[in-house]
Amino acid sequence: MGTAITVALVGTPELAKELGKKSTTSDVTLFHLVQDGHAITIVEPTQYPEKFAPLLYALALSDRVIFAVTALDRSVAETAATLDLIDLPVEVRHGPAVGPDELKRAFRGLRLVQAPFGPLDLLALREELQEARVPPTPGPVLVGIDHYFPVKGVGTVALGIVRQGTLTVHSQLRLYPTTKVVEVRSVQVHDVDVHEAVTGERVGVALKGVDVDELARGQFLAPEGALTVGTTLSGTAGRKCPYYRGDLVVGAQLQALVGAQLVPSLVSGLSGDTITVEADRPVAYRPGQTLLLSDLSVPQGPRCVARYTL
């Protein structure tokens, strides 16, 4: 059994290909580097900044973030504002054209100024990631799905990351937020058949009892009762993006991100640092999880709005 970590590499497009081998591609692209039993998955938001969702998905899939800045532009500013709202370790790596003092001035008012800063050295970064680990998370198994496809002779295959516990072959798990129960027919970790996979490992899972068209990014595989499902989401301890130019008011139409579930939602209640939103379809979540709100309609400024705790 190996170790694994998933890292979002944001700020500088097409940098991840210098660190790993290209794998799954959609609106985000995944790259893999496996050495001495340690697997590093790097997620790059390929279609960002044209679309905002890929940045959100890349962050949602990852255990930590490398913010590589080689120039200051609007997309870097929006990325910095978004990173201010997430609950992930972030490290800033700067290219030769920008220095740490310049970046800290640009990030003034954001918690990002307190992140570790260092020069962008790909060799050193690769060595650093080789030492990075995701600690085992006890509890019932939880697998987040991000891609899926049919395989001839195998059936429905889902790709995802074990977020908690241990995934074992022949498990009977619920496909959240649906009520469907599926069987894990087989598990692969980087194309190698395994009997089980642990926290942090990226897996390919052959599923029995579900068709490909019933899968969606952001779904979870977990035992019955492990997650809460609902369309009314209540969050507390809110933190608004200081540079958001829209209005966070009752009646606002926003996008709610929970895990990798990105769902159109209506703000139905707002009081102080608490909020209630009505999602247009069921969402699966755990108490204490982050609710991140975004506004895809704003003509200028960052599209991130605020974060809350469910």
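State which residue is nearest to Pro136 (Cα to Cα) when the search covers only the range 172-215 and only residues that are among the β-branched types (Val, Ile, Thr) and assigned to a loop (DSSP other than H, G, I, E, B). Walk me through it before giving the result.
Our first condition is that a residue be among the β-branched types (Val, Ile, Thr); within the range 172-215, this holds for 178-179, 181-182, 184, 187, 189, 192, 194, 198-199, 203, 205, 210, 212.
In the following step, the residues that additionally are assigned to a loop (DSSP other than H, G, I, E, B) were identified as 178-179, 199, 210.
Details: Thr178: 27, Thr179: 28, Thr199: 5, Val210: 29 Å.
By that ranking, first place goes to Thr199.
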Any idea which residue in the range 253-305 is nearest to Tyr243 (Cα to Cα), counting only those that are small (Gly, Ala, Ser) and crowded, with 21+ Cβ neighbours inside 10 Å?
Ser294
From the option list Gly95, Gly99, Gly109, single residue qualifying as without any contact (Cβ under 8 Å) to a residue 24 or more places away in the chain and either of a type outside the set (Phe, Trp, Tyr) or surrounded by 16 or more Cβ atoms within 10 Å (Cβ to Cβ) (or both) is Gly99
Here are the criteria: (1) within 17 Å of Leu262 (Cβ to Cβ); (2) over 13 Å from the mean Cα position of the chain (by Cα). Tell me which single one Ala53 does not satisfy.
(2)
Pick from the range 201-226 the residues that are more than 22 Å from the chain's Cα centre (by Cα) and at positive phi: which of them is surrounded by the most Cβ atoms within 10 Å (Cβ to Cβ)?
Gly209
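State all residues of the range 1-14 that are in contact with a helix residue (DSSP H, G or I) (Cβ under 8 Å, 6 or more places away or on another chain) and either part of a loop (DSSP other than H, G, I, E, B) or within 21 Å of Gly95 (Cβ to Cβ) (or both); if no residue qualifies, say none.
Taking the range 1-14 as the starting set, the residues that turn out to be in contact with a helix residue (DSSP H, G or I) (Cβ under 8 Å, 6 or more places away or on another chain) are 5, 7-11.
Listed by number, the residues that qualify are Val7, Ala8, Leu9, Val10, Gly11.
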Restricting the search to the range 155-171, which residues are in a loop (DSSP other than H, G, I, E, B), surrounded by fewer than 18 Cβ atoms within 10 Å (Cβ to Cβ) and at positive phi?
His170
Search result, residues across the range 27-55 that are assigned to a loop (DSSP other than H, G, I, E, B) and either in the same structural domain as Asp191 (by TED's automatic domain parsing) or closer than 24 Å to Leu291 by Cβ (or both)
Asp27, Val28, Pro45, Gln47, Tyr48, Pro49, Lys51, Phe52
Contact list, first residue from the range 124-139 and under 15 Å from Gly2 (Cα atoms), second anywhere and surrounded by fewer than 14 Cβ atoms within 10 Å (Cβ to Cβ) and modelled with pLDDT of 85 or more, beta-carbon distance below 7 Å, six or more apart or interchain, is Gln130/Gln35
Keeping to the range 56-87, report how many residues are assigned to a helix (DSSP H, G or I) and either under 15 Å from the mean Cα position of the chain (by Cα) or at positive phi (or both).
8
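The values are calculated or read from the model by the stated rules, or taken from the named source; none is laboratory data. These numbers were taken from a predicted model, which means no experiment stands behind them. Cβ sites come from the backbone with ideal geometry, for glycine too, and all protein chains shown count toward neighbours.
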